[in-house]
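First up is the structure itself, then whatever we jot down about it.
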Amino acid sequence: MATKDRAVVLGGSVAGLLAVRALASSYREVVLVERDPLPVGTSTTPRTGVPHGRHAHGLLVGGLRAIETLLPGATADLAEAGVPAGDMCGAIRLYADGHPLRQGTIGELGLAVSRPFLESYVRTRVLDTANLKVIDGCDVAGLDSVDGAVTGARIHRRSVGAGEETVAADLVVDATGRGSRTPRWLGELGYASPVEERLEVNLSYTTRKFKMAPDGLGGNHTVIVAPSVTNPRGGVLQVVEQGRAVATVFGILGDAAPGDLDGFLAFAKTLRAPEFDGILRAAEPIDEPATFRFPASVRRRYERLDRFPAGLLVIGDAICSFNPQYAQGMSVSAMEAATLLRMAPDGVTAPAFFRAVAPIIDVPWQIVTGSDLAHPGVQGERTGAIRFVNAYLRRLQAAARRDATLTEAFARVLNLIAAPRSLMRPDLAVRVLVRGRAAR
């Protein structure tokens, strides 16, 4: 039962939409404020405010579970709409250091869904919320406050002649992404800004879409080539809804694939996977290339602040923005929103929320920073623990070329349903040591 008057969510992307859903049953009204006009209906067309929407995306098991909690029936709806589905280990081929890992099964369904289609599905479900009011086509000018507590958001509609107005709120949720201005707003309200951890990777994405023969990926819906120390390039080839194949290739530290078809295919060939060479060359390109650059992974440590204004929360990329090659962003946002759903009925406070989501962020942050620091050109502190884990993972991946049990354990960690320490279990460690040595 709704017990509070109004929550305002800033930002209408995946994190903001799921935050609306999480709050709707605890507030009499939820207001969604979005800079761009929000489209209506499901679509495969990228939204203007999501420049990376054309590139391959991943929805991890942890994220799909969270979305199912917030939007029951979502998995079945998407599969019925034609989104390819399969076991998250059995339907995904993963290459590490130029070799495919032996596939197994983890009993968890995964969906090969494009970002525009998933977001539009979520948006359609959320916009059907009875107590939701949408204010789109407007900019957020700042926050209103009384005695250091946030009491609303100041907005400016983009329509001609529109002035600034205030939307009063019991709670304001910042879901505006990596460009969040909450650190600046905190200073204006007399609070300290959070410590910001940053790891520069200078990632460059290039994506093209192709028409591919049915079952062109041999029963898989996704092929992933993970970058390695010996070859820091990587790529994702994914068959999504409507049978389109999305091919995204990427490099770090300024290495980028050319946009022209010959240059794109030549770059893809260096990934040393047949799917990115012969199969892709035989496919028919159906659109122009899209590029995207990502400078750095950024984590804002809100959970470490001693003081934080009442009436304000931060969620999604506004807390932590991950290197997108690891496909964690949407899933972590969904898991945070599921946490918000659980906490909202009792009157969620910022310190409690930030403490609750910090462990959700810890695992993918460890994966991203540890993996990126394996590349010599990436600048950052390489602790003894990071060096040990990276050496162990290289041996695990070598052993997993012939051991599906290790691939399954690795897949559970990557899908945010098992802790990284689970890979150190004695039974798995023996397999790593014995089979990793044999694979060298």
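For the chain, what ratio Rg/Rh do Cα atoms give with a Kirkwood hydrodynamic radius?
0.97
For residue 133 and residue 288, what does the FRET efficiency come to when R0 = 25 Å and r is the distance between their Cβ atoms, rounded to the nearest 0.05?
The value I calculate is 0.10.
With labels modelled as points extended 7 Å from the Cα through the Cβ direction, what inter-label distance (nm, one decimal) is found for residue 366 paired with residue 381?
Between residue 366 and residue 381, the label points sit 1.7 nm apart.
So between residue 261 and residue 48, what do we pick up on full extension, going 0.36 nm a residue minus the alpha carbon distance?
Full-extension gain reported as 74.2 nm.
What nm value, rounded to one decimal, do you get for the distance between residue 76 and residue 198 when each label is placed 7 Å out toward the C-beta?
Modelled inter-label distance: 4.7 nm.
If you line up the long axis of helix 61-70 against the longest principal axis of the chain, both from Cα atoms, how many degrees apart are they, to the nearest 10?
30
Summing +1 for each Lys or Arg and -1 for each Asp or Glu, what net charge is found among the other residues whose Cβ lies under 11 Å from the Cβ of residue 89?
Net of charged neighbours comes to 0.
Round to the nearest 0.05 the FRET efficiency obtained for residue 352 and residue 269 when R0 = 60 Å and r is the Cβ-Cβ distance.
Result of the calculation: an efficiency of 0.75.
For the stretch 355-437, state the average projected area of the convex hull of the C-alpha atoms over all orientations, rounded to one decimal in nm².
6.1
Taking the Cβ of residue 244 as the centre, find all other residues whose Cβ is under 10 Å away and add up their charges (Lys, Arg: +1; Asp, Glu: -1).
0
Roughly what % of DSSP beta bridges within the chain run antiparallel, to the nearest 5?
Antiparallel bridges make up about 70 percent of those DSSP assigns within the chain.
Taking amide H positions as placed 1.01 Å from N in the peptide plane, with prolines and chain starts having none, which residues 5 or more places from residue 203, or on another chain, fall under 5 Å of its amide H?
Under 5 Å from the amide H of residue 203: 253, 294.
Could you tell me how far the Cα centroid of the stretch 1-69 sits from the Cα centroid of the stretch 285-342, in Å?
Each part reduced to its Cα centre gives a spacing of 13 Å.
Can you compute the FRET efficiency between residue 68 and residue 165 using 1/(1 + (r/R0)^6), with r the Cβ-Cβ distance and R0 = 51 Å? Round to the nearest 0.05.
Between residue 68 and residue 165 the formula returns 0.90.
Computed from the coordinates by the stated procedures, all read-outs in this text should not be read as laboratory data. Note that this is a predicted model, so its numbers are computed, not measured. Don't worry about glycine lacking a Cβ; one is built from the backbone with ideal geometry, like all the others, and counts go over all protein chains shown.
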